[in-house]
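Take a look at the structure set out below.
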Amino acid sequence: MARSRWIAAVLSPALITTVITAAVFTIPKAASAAPVTYQSESATISQGVVESNHTGFTGSGFVNFDNVTGSYVEYTVNAAAAGRHSLVFRYANGTTANRPLDITVNGTPTVSGLGFPGTGAWTNWQSVTTQVNLVAGTNRIRTTATTANGGPNADSLTVDVAGTEPPPGPGDTPVAKNGQLKVCGTKLCNERGQVVQLRGMSTHGIQWYSQCVKTASLDALANDWKADILRVAMYIQEGGYETNPRRFTDMMHGYIEEATKRGMYVLVDWHQLTPGDPNYNTSRAKTFFTEIAQRHKDKKNIIYDIANEPNNVSWANVKRYAEEMIPVIRAQDPDSVVFVGTHGWSTFGISDGQSETSVFNNPINATNFMYTFHFYAASHRDNYLSALSRIADRVPVFVTEFGTQTSSGDGGNDFAMSQRYIDLMAQKQIGWTNWNFSDDSRSGAVFKSGTCAGSNFTGTGPLKPAGVWVRERILNR
Ligand code: GCU
């Protein structure tokens, strides 16, 4: 979290909830029968019409919802087994406006506002997928237009009848595929030495937003967003670790286990911010990381970030801290990757009016570590983007925080600038975690306010614009 953001954080004690408890996470049976497609023109239609004037549909036509709120298409589908099933809607939307649909299953509202963005033309057909629980046997899946534009043109619904689509099986998760990571040259590599670009989300401060890090939201992050990595932002001051080391260490243990069950990497973020000199917390950091590394050293999915955003401190002092801390972690977990924040709120000094050469000229004396870089696209413009490009060519770097708005985590989204960063990070295989996986009121929190009190985290319905945007960029690899 960049400078000044914490000032505006909501500090309601009511928001401080206890750690997620051991969540039951069952690996579903693998699908064993082919999916079945149901044509929309054969479904029950209310206030819509069957048409065939735009090519590319399957079956004998498609349903035009007509431009009316409340028009619906209801499919009667058969499921061989109860459990989680994926629904794939084939549709076209020749406009540029999203045409969200609400989904009910057997009369129960299940997904609100599933997004059907523009496909470029009424003859371009694309798919939107969501997952719902079905009962064995007959199920009624109703899709209802939620705006006066009506729905998209609906071609078909394909359901995996046998059982469930992901959650991914044990062989299919990011950790199962990549194993223990290591730094290879300037990149992050999997255990077979192939370069990997991890993409995922950072929590907000767990002293404020632990209610957003629970079974349903983590299931969504792993299975619906298909994230590789969860960054757990544990503040030290500002109501964090120092207020109750035992409680926060236990929270971190819990989140590590939850990420592990879902086959995601987990970034243990020592979120020092104020004061900005990480040396202020060295003895706390030693206690915390020793216990975390001791307990989880045999896992393959742990990355340690020892300093979130050093600020108002020289690079030499950050380096001194890193060289003291890295051996402490390695004493417990010798093959672990460690991340180190850089001065100027993890900008390699650029937000301090310096340049990345302060790090290049005085590198940390250690192995298997990466420096971190943060940016907020509406604040940090071309000079930061080109610095990140130069940095990635010289030293290992991971973007542990970024936002599509200003460094306050709020304000308008600059998706065009953000996309330039995304493209650079894809090109140079720079891993990233986006700020932040919460329902905080600011624009950088992916969920709409109030989402975390409930249990619906899948699809685009619960998401703010920044959430829709970043979910798409995690999903589309
Ligand atoms: C156009 C298009 C229809 C579509 C409609 C809409 O009329 O030809 O197929 O359903 O727009 O806006 O929904």
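Tell me, what HN-Hα J-couplings in whole Hz come from the Karplus equation 6.51 cos²θ - 1.76 cosθ + 1.60 at θ = phi - 60° for each residue of the range 285-298, using x for Gly and Pro?
Each residue of the range 285-298 in turn: 4, 5, 4, 5, 5, 4, 5, 4, 5, 4, 6, 10, 4, 8 Hz.
Extending each Cα 7 Å along its Cβ direction at Asn362 and Thr37, get the distance between those two points in nm, one decimal.
Those two pseudo-labels are separated by 6.3 nm.
Would you be so kind as to identify which of Thr123, Gly94, Ser355 lies farthest towards the positive end of the dipole of the chain, taking Lys and Arg as +1 and Asp and Glu as -1 on Cβ and the Cα centre as origin?
Ser355
Taking R0 as 25 Å, what FRET efficiency do you get between Arg284 and Lys182 from their Cβ-Cβ distance, rounded to the nearest 0.05?
Once the sixth-power term is evaluated, E becomes 0.35.
Counting Lys +1, Arg +1, Asp -1, Glu -1, what net charge surrounds Asn53 among other residues with beta carbon under 15 Å of its beta carbon?
Result for the neighbourhood of Asn53: -4.
For Arg247 and Asn312, calculate 0.36 nm times their separation in residues minus their Cα-Cα distance, and state this gained length in nm to one decimal.
Once the chain is fully extended between Arg247 and Asn312, it gains 20.5 nm.
Restricting to the range 325-477, compute how many DSSP beta bridges are antiparallel as a %, nearest 5.
10 percent
Indicate, rounded to the nearest 5 percent, the antiparallel portion of the DSSP beta bridges found entirely in the chain.
Beta bridges within the chain, antiparallel portion: roughly 60 percent.
Can you flag which of Lys428/Lys448; Lys177/Lys297; Lys187/Lys297; Lys297/Lys319; Lys182/Lys448; Lys319/Lys428 are past 27 Å Cα-Cα?
Flagged as over cut-off: Lys428/Lys448; Lys182/Lys448.
So what is the accessible area of the range 287-382 per residue, in Å², with the probe set to 1.4 Å?
33 Å²
Per the 1.4 Å probe, what fraction of the accessible area of the chain, in percent, lies on carbon and sulfur atoms?
Using a 1.4 Å probe with all protein chains present, the chain comes out at 52 percent carbon and sulfur.
The values are calculated or read from the model by the stated rules, or taken from the named source; none is laboratory data. Every value quoted in this text rests on a predicted model; they were computed, and no experiment measured them. Cβ: placed from backbone, ideal geometry, glycine included. Neighbour counts: every protein chain shown. What goes into the accessible areas is simple: the full protein's heavy atoms, side chains included, and nothing from ligands, DNA or RNA. Shrake-Rupley method; radii C 1.70, N 1.55, O 1.52, S 1.80 Å.
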